[in-house]
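A short worksheet on the structure shown next.
The values are calculated or read from the model by the stated rules, or taken from the named source; none is laboratory data. Because the structure is a prediction, the values reported are computed rather than measured. Using ideal geometry, Cβ is built from the backbone for each residue, glycine included, and neighbour counts are taken over all protein chains shown.
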Amino acid sequence: MGGEPTGFFATTPRLVGLVVEGRARARQHDFRLAAWLAHTVASLDRAKRIPRLEKLIGGEDLKPRANVPQPADRLLSTVRRWDVAIALRSGDAR
């Protein structure tokens with residue numbers, strides 16, 4: 001299921017079924033997204049006037065967010081985590 005074989009044999013049949021069902025749903029979602037994209041691109045190619053993106057797909061996630069400054073301790077924590085992750089990836093334990 002994407003991991004080591006010992007992890008596969010340690011799972012229950014119910015968990016295997018849930019993983020398979022989740023992956024099938026993800027594939028179906030990807031297919032529907034690709035079909036929507038192909039349909040939209042073909043439609044826009046024929047359109048005399050292209051609608052604004054906000055009207056086309058809507059949603060609050062298109063609006064720019066305010067640039068809120070992060071506290072110094074949070075930034076320092078993030079930098080330390082990246083430092084550890086890079087060190088572990090390169091094999092350089094600190």
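Details
- Count of the range 1-48 residues, restricted to those that are within 25 Å of the chain's Cα centre (by Cα) and at pLDDT 85 or above, is 26.
- Those residues of the range 1-43 which are under 30 Å from Leu53 (Cβ atoms) and among the basic types (Lys, Arg), in sequence order: Arg25, Arg27, Arg32
- For Pro51, the requirement of being surrounded by fewer than 10 Cβ atoms within 10 Å (Cβ to Cβ), in a loop (DSSP other than H, G, I, E, B) and at pLDDT below 85 is not met.
- For the range 56-68, a tally of residues being assigned to a helix (DSSP H, G or I) and either at pLDDT 75 or above or surrounded by 10 or more Cβ atoms within 10 Å (Cβ to Cβ) (or both) returns 3.
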